[in-house]
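Below: the structure, in structure tokens.
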Amino acid sequence: MKTIEDLLAGDVHGKTVLVRSDLNVPLDDERNITDDGRVRASVPTIKALSDAGAKVVVVAHLGRPKGAPEEKYSLTPVVSRLSELLGKDVAFAKDTVGESAKSVVAGLQDGDVALLENLRFNPGETSKDEKERGDFADQLAAFADAFVSDGFGVVHRKQASVYDVATRLPHYAGGLVGTEVEVLQRLTQNPERPYAVVLGGAKVADKLAVIENLMQTADRLLIGGGMAYTFLKAQGHEVGKSLLDEEKVDTCKKFLEDAKAKGVEIVLPIDTVVAPEFSADVDTLVVDSDEIPADMMGLDIGPKSRELFATKLRDCRTVFWNGPMGAFEMAPYAYGTEAVAQVLADITKEGALTVVGGGDSAAAVRQLGFADDQFGHISTGGGASLEYLEGKTLPGIEILDA
């Protein structure tokens, strides 16, 4: 796989480089960015190319528009933040490959940076029809002399700007993609032990394949968040009104049996913070996880579970974490997630490799006041990270090796 270092080793001065970044940031109701982590992670590659005198054309998506412009998904909020972080104005095209994009790209001087409007405003970006996708890729590729793939959060998608463009231009892995792959290889190829995986979030179904694959490599699986209740149900416990995937109870039961046979420790919450409804304004109660009242729902791991999880993590040399331990967005239910973040920050200081697996986990640690450098690595791609750990081939990585 060629990298941006290989590209920069040549002369990129005056050449146009198309960079696929991941700028899919969360926005509030006023369209203010609430977590700029992905924008900040994209800056080093863009800056390196700009500093070398390249004309940099950045492409990205935001949200899930249906192949047509929607104001709420415009990349407009990202332009100003990217400009601030780069310390220079970023030109913005109001379309993807139309007259605005052509004009903006044509007007670039050496070292300038432009951002095109949301790729997913064009149906060709995500089309399952190879010709339609290919036609869009042709139009994007026509802007540039080389392509740098730096949006790790989308490398598990076979999309025009991720896969097809790379077949049409000299292609290179950006610094962010290179780092993400290197970290994931450390998690899957002879990780330093003990190796623990912490999984949370709402749906157990989203994590079943990764649990199955990680049982071959991890020493411990710690399971919290909404997905824990399906495992507790598989143990025969009442889970009340908690999130439950009834169809996956038998699958979880088999996982528990398989883990025991393989000598992999599965750690579930031993106590739970419950409430009558999903609200910050109701009285909460801490109960043992095998005594959740039928009229209550679990919303966070309890204090005994927080200490148990911390104990199971303190001696680890490698930890991968994906998914919060509770409904961290509401203060009463953030303590479990905060406890996991704190112990990971502590063992990072002692030299452990700690990887926060993107998505809600990354948003949670920042919301709770932790700095990115308190962890070994904060991934920008939750879904891509999980698919890699499932053992799947990622199209956007595979094509870079071609």
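The values are calculated or read from the model by the stated rules, or taken from the named source; none is laboratory data. Please read all numbers here as calculations on a predicted model, not as lab measurements. Positions of Cβ are generated from backbone atoms using ideal geometry, with glycine treated the same way; all protein chains shown enter the neighbour counts.
Scanning the range 325-351 for residues that are part of a helix (DSSP H, G or I) and crowded, with 24+ Cβ neighbours inside 10 Å yields a total of 5. Looking at the range 292-324, which of its residues are among the polar types (S, T, N, Q) and either crowded, with 18+ Cβ neighbours inside 10 Å or touching a Gly at 6+ places or on another chain (Cβ under 9 Å) (or both)? SER305, THR318, ASN322, listed by residue number. How about the range 364-402: which of its residues are within 12 Å of the chain's Cα centre (by Cα), aliphatic (A, V, I, L, M), under 15 Å from ASP22 (Cα atoms) and part of a helix (DSSP H, G or I)? Within the range 364-402, just ALA384 meets the criteria. Give me a count of the residues in the range 293-324 that are β-branched (Val, Ile, Thr), under 23 Å from GLN235 (Cα atoms) and in contact (Cβ under 8 Å) with a residue 60 or more places away in the chain. The qualifying residues number 1. Looking for something within 29 Å of PHE370 (Cβ to Cβ), among the basic types (Lys, Arg), touching a helix residue (DSSP H, G or I) at 6+ places or on another chain (Cβ under 6 Å) and crowded, with 20+ Cβ neighbours inside 10 Å - is there at least one such residue anywhere in the range 36-47? Looking for residues that are within 29 Å of PHE370 (Cβ to Cβ), among the basic types (Lys, Arg), touching a helix residue (DSSP H, G or I) at 6+ places or on another chain (Cβ under 6 Å) and crowded, with 20+ Cβ neighbours inside 10 Å, one finds none in the range 36-47, hence no. Scanning the range 5-36 for residues that are aliphatic (A, V, I, L, M), outside any loop (DSSP other than H, G, I, E, B) and under 27 Å from THR76 (Cβ atoms) turns up VAL17, LEU18, VAL19, LEU27, ILE33.
Residue by residue, here is whether (1) surrounded by 22 or more Cβ atoms within 10 Å (Cβ to Cβ); (2) part of a helix (DSSP H, G or I) holds:
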residue: GLY53; (1), (2): no, no
residue: PRO69; (1), (2): no, no
residue: VAL79; (1), (2): no, yes
residue: SER83; (1), (2): no, yes
residue: VAL97; (1), (2): yes, no
residue: PRO123; (1), (2): no, no
residue: SER127; (1), (2): no, no
residue: ASP135; (1), (2): no, yes
residue: VAL162; (1), (2): yes, yes
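Out of the residues in the range 301-353 that are more than 24 Å from SER385 (Cα to Cα) and at pLDDT below 95, which is farthest from the chain's Cα centre (by Cα)? Of everything passing the filter in the range 301-353, PRO332 is farthest from the chain's Cα centre (by Cα). In the set (1) surrounded by fewer than 23 Cβ atoms within 10 Å (Cβ to Cβ); (2) touching a residue at least 24 places away in the same chain (Cβ under 8 Å); (3) part of a loop (DSSP other than H, G, I, E, B), GLY236 fails one condition alone, (2). Among the residues making up the range 1-35, those that are among the charged types (D, E, K, R), surrounded by 15 or more Cβ atoms within 10 Å (Cβ to Cβ), farther than 13 Å from ALA173 by Cα and out of contact with any Pro (no Cβ under 6 Å at 6 or more places or on another chain) are LYS15, ASP22. The one condition from (1) surrounded by 15 or more Cβ atoms within 10 Å (Cβ to Cβ); (2) of a type in the set (A, V, I, L, M); (3) under 20 Å from ALA166 (Cβ atoms); (4) without any contact (Cβ under 8 Å) to a residue 40 or more places away in the chain that VAL104 does not meet is (3). SER289 meets the conditions (1) buried (at least 21 other Cβ atoms within 10 Å of the Cβ); (2) closer than 23 Å to GLY359 by Cα in every case but one. The failed one is (2). Taking first residues from the range 114-141 that are farther than 30 Å from GLU84 by Cα and among the charged types (D, E, K, R) and partners that are at pLDDT 95 or above and not in a loop (DSSP other than H, G, I, E, B), the Cβ contacts under 7 Å between residues at least 6 apart in sequence or on separate chains come to ARG133/ALA160; ARG133/ASP164. Among residues of the range 354-378 that are in contact (Cβ under 8 Å) with a residue 24 or more places away in the chain and surrounded by fewer than 18 Cβ atoms within 10 Å (Cβ to Cβ), those with a Cβ under 6 angstrom from a residue that is among the β-branched types (Val, Ile, Thr) and not in a loop (DSSP other than H, G, I, E, B), sequence gap 6+ or separate chain, pair up as ASP372/ILE378.
Could you say whether any residue in the range 145-157 is under 27 Å from ALA48 (Cβ atoms), out of contact with any strand residue (DSSP E or B) (no Cβ under 9 Å at 6 or more places or on another chain), outside any helix (DSSP H, G or I) and of a type in the set (D, E, K, R)? Checking the range 145-157: at least one residue is under 27 Å from ALA48 (Cβ atoms), out of contact with any strand residue (DSSP E or B) (no Cβ under 9 Å at 6 or more places or on another chain), outside any helix (DSSP H, G or I) and of a type in the set (D, E, K, R). For ALA101, the conditions (1) within 20 Å of the chain's Cα centre (by Cα); (2) outside any loop (DSSP other than H, G, I, E, B) are fulfilled apart from (1). Is it the case that GLY381 is farther than 30 Å from VAL274 by Cβ and at pLDDT below 95? Answer is yes for this residue.
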